[in-house]
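First up is the structure itself, then whatever we jot down about it.
The values are calculated or read from the model by the stated rules, or taken from the named source; none is laboratory data. Here the structure is a predicted model, which means the values were calculated and not measured. Using ideal geometry, Cβ is built from the backbone for each residue, glycine included, and neighbour counts are taken over all protein chains shown.
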Amino acid sequence: RRGAGPGPSAFSRRTLRWRLVGEGYSSQLSVDEQRAVLRSAFRMWSEVTPLQFQEELGARAAPVDVRLAFGRGRHLGCPRAFDGSGQEFAHAWRLGDVHFDDDEHFTSPSSDRGLNLLRVAVHEIGHVLGLPHIHRPGSIMRPNSVPRDPGFELDPADRKAIQKLYGSCTGPFDAVFDWIRTERSPFGERLVRFNTYFFRGGWYWLYENQKNRTRYGDPIPVVTGWRGLPARDLDAFVHVWSWGRDERYFFKGDRYWRYDSDGDRTYAEDERGRAYPRPISERFPGIPSPLDAAFYDRRSQWIYFFKGALVFAFDVQENRAVSPYPQRLAVAFPAVAPPSHPAGHLDAAYHSYAHGAVFLLKGSRYWRVVGDADRRRDPALPVNGLFPAEPVSERWFDICDVHPSALN
Amino acid sequence: EKLFHRRDRSDLEVAALPRAPPVADLPSAQEFLSKYGWTRRSPWPAAPPPAAAGPAFAEAVRGFQRVNGLPATGRLDEATVAAMNGPRCGVPDGPAGGPAPAGARPRAFPRR
């Protein structure tokens, strides 16, 4: 893609291949360690952009987008010679290659000596992706002073800079929820904490609401963090949390699993000794499957299930579907400002303790559900109305896929 | 025998490597500023530095000092020279710099 200046400013494809060329291995670290550091460097950019990076391990003639190599002095046919130990430690070409000066003392990220290869690689890959030097304290694109901080990350300003070139990450998501944990303080007080999770495909992210980003190093495969659940493509999550009840359900297809929060895995059996997963129709009679989304409304003690253009309601106290449901989504959750409305086929329904609101998500947009506080301010708002759509990427930031080969 | 200060003699290994010529005087500073885009002539590939120091050179030094958090005196003081000699990326920066040049791929790698 072309920018204002001469030449293209950014890659147009979303999956880019890279290779550490065999003629350009460093003499200071093992090849495996070099490749591992470079994989981490590419992954750090992947975690904040809609770009994925795949290491090309096939034939040497296979086309790659980025080649990386170590060299000394006049190296590898490069028009720009390195200067020996000190000063210039690497250089890169926009949309091109990266060379590291092997006369520098590059070390692995865990070392407290030498130049942190990971940090240098992240910087040079930033150039390859189209970023110039940025003279701002804390920026990874500062041209000099490579601190030996092994825990560096891309700060919000660096993220914004690369997203100007490649856009932001957004939905859809399979499920979004706040996971409640109750703990006891050292003084015996009951504390309620929660973590926010986003699920898509075969992996998930923990979202740090106070920092407006995902946990560093996410996403993680579902099978790693959620034992007993299907490996991918969940349909919905519901947490029935009320006086005397704490039940967490995951849904996929025509089945559901109940999750044991204390044991951190799905229950093997229900209270009658029957193995999970169980049919949805057994536990929630009158509710169809597969589902698009669901959430538990603590005020009414109903679970709202969404399928297609319809909404079903299930009374957990009465343990039966609520009439006059099902209703059309446009009726049960009317638009506050038509025509902005998802109409149906939601991706996820998110009951957020972080925001004190319920959100319906579809694609790259979300609609906030009118709550009690909204209606106190404006009684004309419809019950369960949907405010106009907003972009997911402007409320939840940098929830980005990485290439499957980059998953730990 | 060579003197070393680390048990594993790793400081000797570094000392044995060819060292980058330091920025130590006016000509080397001029070359540095030209190489990294602080003067108008494109440093990529490195262009010869300006023939003599003057207002343009002082302005280039001031620009370099500003982005490095140094007093923008326009003079080559000790702190400025130290900043020039620090480890850095080879991509130009400064007013005449900008994004890394595109597409300047090296020729095919020679066979070892």
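Rundown of residues vs (1) within 30 Å of A:Arg13 (Cα to Cα); (2) touching a residue at least 12 places away in the same chain (Cβ under 8 Å); (3) not in a strand (DSSP E or B), yes/no style:
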{"residue": "A:Gly171", "(1), (2), (3)": "yes, yes, yes"}
{"residue": "A:Asp178", "(1), (2), (3)": "no, yes, no"}
{"residue": "A:Arg181", "(1), (2), (3)": "no, yes, no"}
{"residue": "A:Pro186", "(1), (2), (3)": "no, no, yes"}
{"residue": "A:Leu191", "(1), (2), (3)": "no, no, no"}
{"residue": "A:Thr196", "(1), (2), (3)": "no, yes, no"}
{"residue": "A:Leu206", "(1), (2), (3)": "yes, yes, no"}
{"residue": "A:Lys211", "(1), (2), (3)": "yes, no, yes"}
{"residue": "A:Tyr216", "(1), (2), (3)": "yes, yes, yes"}
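Taken residue by residue, the stretch A:137-152 has at least one member that is within 18 Å of B:Pro21 (Cα to Cα), touching a strand residue (DSSP E or B) at 6+ places or on another chain (Cβ under 6 Å) and free of Cβ contacts under 8 Å to residues at least 60 places away in the same chain. Can you confirm whether A:Ser12 is under 24 Å from A:Asp158 (Cβ atoms), surrounded by fewer than 22 Cβ atoms within 10 Å (Cβ to Cβ), within 14 Å of chain B (Cβ to nearest Cβ) and at pLDDT 90 or above? For A:Ser12, the condition - under 24 Å from A:Asp158 (Cβ atoms), surrounded by fewer than 22 Cβ atoms within 10 Å (Cβ to Cβ), within 14 Å of chain B (Cβ to nearest Cβ) and at pLDDT 90 or above - is met.
Scanning the stretch A:232-241 finds no residues that are surrounded by 15 or more Cβ atoms within 10 Å (Cβ to Cβ), touching a Ser or Thr at 6+ places or on another chain (Cβ under 6 Å) and part of a strand (DSSP E or B).
Only one of the listed residues (B:Ala46, B:Ala29, B:Ala102, B:Ala83) is crowded, with 16+ Cβ neighbours inside 10 Å, modelled with pLDDT of 90 or more, facing chain A (nearest Cβ under 8 Å) and out of contact with any Asp or Glu (no Cβ under 7 Å at 6 or more places or on another chain). That residue is B:Ala83. Looking only at the stretch A:97-114, which residues are buried (at least 19 other Cβ atoms within 10 Å of the Cβ) and out of contact with any helix residue (DSSP H, G or I) (no Cβ under 6 Å at 6 or more places or on another chain)? Within the stretch A:97-114, A:Asp97, A:His99, A:Phe100, A:Asp101, A:Asp102, A:Asp103, A:Glu104, A:Thr107 meet the criteria. One residue stands out in the stretch A:352-382 among those that are in a helix (DSSP H, G or I) and acidic (Asp, Glu): the one that is farthest from A:Thr15 (Cα to Cα), namely A:Asp372. Residue-level check: of (1) touching a residue at least 40 places away in the same chain (Cβ under 8 Å); (2) touching a Phe, Trp or Tyr at 6+ places or on another chain (Cβ under 8 Å); (3) surrounded by 14 or more Cβ atoms within 10 Å (Cβ to Cβ), A:Arg278 misses just (1). Could you tell me which residue of the stretch A:88-103 is farthest from A:Tyr25 (Cα to Cα), considering only residues that are at the interface with chain B (Cβ under 7 Å from one of its Cβ atoms) and at pLDDT 90 or above? Result: A:Glu88.
Residues that are of a type in the set (A, V, I, L, M, F, W, C) and either surrounded by fewer than 12 Cβ atoms within 10 Å (Cβ to Cβ) or under 30 Å from A:Leu360 (Cβ atoms) (or both) within the stretch A:163-194 comprise A:Cys169, A:Phe173, A:Ala175, A:Val176, A:Phe177, A:Trp179, A:Ile180, A:Phe187, A:Leu191, A:Val192, A:Phe194, listed in sequence order. If the condition is being touching a residue at least 40 places away in the same chain (Cβ under 8 Å) and away from chain B (no Cβ under 14 Å), then the stretch A:19-34 contributes A:Glu33, A:Gln34. Against the numbered list (1) surrounded by 14 or more Cβ atoms within 10 Å (Cβ to Cβ); (2) assigned to a loop (DSSP other than H, G, I, E, B), A:Phe251 comes up short only at (2). Here A:Ala41 meets the list (1) assigned to a loop (DSSP other than H, G, I, E, B); (2) out of contact with any Ser or Thr (no Cβ under 8 Å at 6 or more places or on another chain); (3) buried (at least 19 other Cβ atoms within 10 Å of the Cβ) almost entirely, failing just condition (1).
Looking only at the stretch A:299-319, decide whether some residue is in contact (Cβ under 8 Å) with a residue 40 or more places away in the chain and surrounded by fewer than 15 Cβ atoms within 10 Å (Cβ to Cβ). Checked against the condition, which is being in contact (Cβ under 8 Å) with a residue 40 or more places away in the chain and surrounded by fewer than 15 Cβ atoms within 10 Å (Cβ to Cβ), the stretch A:299-319 yields at least one hit. Considering every residue within the stretch A:108-117, establish whether at least one is within 7 Å of chain B (Cβ to nearest Cβ) and touching a residue at least 24 places away in the same chain (Cβ under 8 Å). Yes - at least one qualifying residue is present in the stretch A:108-117.
If you filter the stretch A:259-275 down to residues that are among the small types (Gly, Ala, Ser) and within 31 Å of the chain's Cα centre (by Cα), you find that the one that is nearest to A:Gly228 (Cα to Cα) is A:Ala268. Considering only the stretch A:70-104, how many residues are touching an Asp or Glu at 6+ places or on another chain (Cβ under 9 Å) and touching a residue at least 40 places away in the same chain (Cβ under 8 Å)? Qualifying residue count for the region: 8. Evaluation of A:Phe152 against the conditions (1) under 30 Å from A:Ala268 (Cα atoms); (2) at pLDDT below 95 shows that the sole unmet condition is (1).
Listed here are the residues, each with its yes/no results for (1) at pLDDT below 95; (2) in a helix (DSSP H, G or I); (3) exposed (fewer than 15 other Cβ atoms within 10 Å of the Cβ); (4) under 25 Å from the mean Cα position of the chain (by Cα).
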{"residue": "A:Ser323", "(1), (2), (3), (4)": "yes, no, yes, no"}
{"residue": "A:Ala330", "(1), (2), (3), (4)": "no, yes, no, no"}
{"residue": "A:Gly344", "(1), (2), (3), (4)": "no, no, no, yes"}
{"residue": "A:Tyr350", "(1), (2), (3), (4)": "no, no, no, yes"}
{"residue": "A:Asn384", "(1), (2), (3), (4)": "no, no, no, no"}
{"residue": "A:Phe397", "(1), (2), (3), (4)": "no, no, no, yes"}
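Of all residues in the stretch A:16-38, which are outside any helix (DSSP H, G or I) and not polar (S, T, N, Q)? A:Leu16, A:Arg17, A:Trp18, A:Arg19, A:Leu20, A:Val21, A:Tyr25, A:Leu29, listed by residue number. Flag not set for A:Arg159, criterion: touching a residue at least 12 places away in the same chain (Cβ under 8 Å), away from chain B (no Cβ under 12 Å), exposed (fewer than 14 other Cβ atoms within 10 Å of the Cβ) and over 27 Å from B:Lys35 (Cβ atoms). What are the residue pairs meeting all of these: first residue in the stretch A:244-272, first residue of a type in the set (Ser, Thr, Tyr), second residue at pLDDT below 95 and in a loop (DSSP other than H, G, I, E, B), Cβ atoms under 7 Å, and 6 or more apart or on different chains? Between residues of the stretch A:244-272 that are of a type in the set (Ser, Thr, Tyr) and residues that are at pLDDT below 95 and in a loop (DSSP other than H, G, I, E, B), there is no close pair.
Within the stretch A:48-65, being modelled with pLDDT under 95 and either small (Gly, Ala, Ser) or crowded, with 22+ Cβ neighbours inside 10 Å (or both) holds for A:Gly58, A:Ala59, A:Ala61, A:Ala62.
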